Amino acid sequence: MFLFKYPKLFKFRENNQERMAEKNIKSGKFNKISVTLLSSYLYCKRKMFIEQVLGIREMPKEATVVGNIRHSVLDLVNKQEKGLVSSIIPENKEMIDKIYKESYSNNLKNAIKINKNLLYSLGLDLVETYKKLWVFFNDEASTRAGNIISFIKEFNVFGTELWERLTPKIESEVFVSSDRLELKGKIDRLEKHEDRLVPVEIKTGKAPKEGVWEGHLIQVAAYMLLLEDQFKKNTNEGIVDYINEKAKRKVKINPFLKDEVIKLKNKVKELLNSSQVPPMCNQEKKCERCGIREECFNLDN
Ligand code: SF4
């Protein structure tokens, strides 16, 4: 490519990559690997390297912006849930579903308003975005309300006592991290049962015919390892929730899968602390829809 015609420029880029790698090692930026990078590596290691090490990012896409809105609403409702559950008393117990739906709806409207310029720049209509996301939040509200209703039926408790005794407690956007495993991540949804923790990864893409995609399997397995390490609780089952297809797929951990996660984390870490750009993935379909295609093709190796 054109860099071969300009050896000085080639040298500059090479040196620059080395400098960046050195800087990354010194700063300890990649001492702990984010769980999402494990699936990014499996998808295309070159893309992961270009984004993470060279700092070249894709322009925001519809899926990313909509995904960020979804995460921020989950996070907000999560923070409000203690107050919400504690406000449930015998007089309003018939309205639990409504209370949850109002909370999700209000937070969703606010999140859309905050992101309106970004949505407009992508040619997205605010009302259509609300409707699209509401399908998911409507289900989410029903799941959470259903959980509370069943608990009240069984134990007949209300207010702060209801919150304190509630099980499973469902939390969203739960941060987990481990120095020992050199991993960190944010779990979309965590079901806290008395005897076990169940991480749930929410995905908007297509579900495979059976089971889960490899990247999703590794991601959920990594969360199980992190939960086990952090909370010392039984975590041998996780879920991938393909929300657009209403398909909840279970993932069971086993010693081979644990090994796979650790081996993959080591490979990711090694790559992120190196200065060597990996080869192209040679998968036409992936490259066609890749947002950093041009930058990738213009690299010299
Ligand atoms: S264009 Fe293809 S090889 Fe290059 S980063 Fe994107 S997916 Fe990977």
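Just a few scattered comments:
- Positions within segment 82-111 being farther than 12 Å from I152 by Cα, free of Cβ contacts under 8 Å to residues at least 40 places away in the same chain and of a type in the set (D, E, K, R), in sequence order: E91, K98, E102, K109
- Candidates M224, M280: the one that is crowded, with 18+ Cβ neighbours inside 10 Å and touching a residue at least 12 places away in the same chain (Cβ under 8 Å) is M224.
- Criterion applied to G215, G238, G211 was being of a type outside the set (F, W, Y) and within 16 Å of the ligand (Cβ to nearest atom), and the one residue passing it is G215.
- Failed item, numbered, when P7 is tested on (1) away from the ligand (no atom under 16 Å from the Cβ); (2) buried (at least 17 other Cβ atoms within 10 Å of the Cβ); (3) modelled with pLDDT under 90: (2)
- Look at (1) without any contact (Cβ under 8 Å) to a residue 24 or more places away in the chain; (2) under 25 Å from K206 (Cβ atoms) and you find that A63 fails only one, number (1).
- Answer residue from segment 259-273, given it is charged (D, E, K, R) and surrounded by 16 or more Cβ atoms within 10 Å (Cβ to Cβ) and is farthest from the ligand (Cβ to nearest atom) among those: E260
- For segment 217-252, the set of residues classified as part of a helix (DSSP H, G or I), in contact with a helix residue (DSSP H, G or I) (Cβ under 7 Å, 6 or more places away or on another chain) and at pLDDT 95 or above consists of I218, Q219, A221, A222, Y223, L225, listed by residue number.
- Hits in segment 274-301 - residues which are part of a loop (DSSP other than H, G, I, E, B) and more than 9 Å from the ligand (Cβ to nearest atom): S274, S275, Q276, V277, D300, N301
- Residue match in segment 264-279 (condition: among the basic types (K, R) and over 25 Å from N31 (Cβ atoms)): no
- Some residue of segment 244-254 being closer than 15 Å to S39 by Cβ and surrounded by fewer than 16 Cβ atoms within 10 Å (Cβ to Cβ): no
The values are calculated or read from the model by the stated rules, or taken from the named source; none is laboratory data. All values derive from a computational prediction rather than experimental measurement. In this analysis, Cβ positions are derived from the backbone assuming ideal geometry, glycine residues included, and neighbour counts consider all displayed protein chains.
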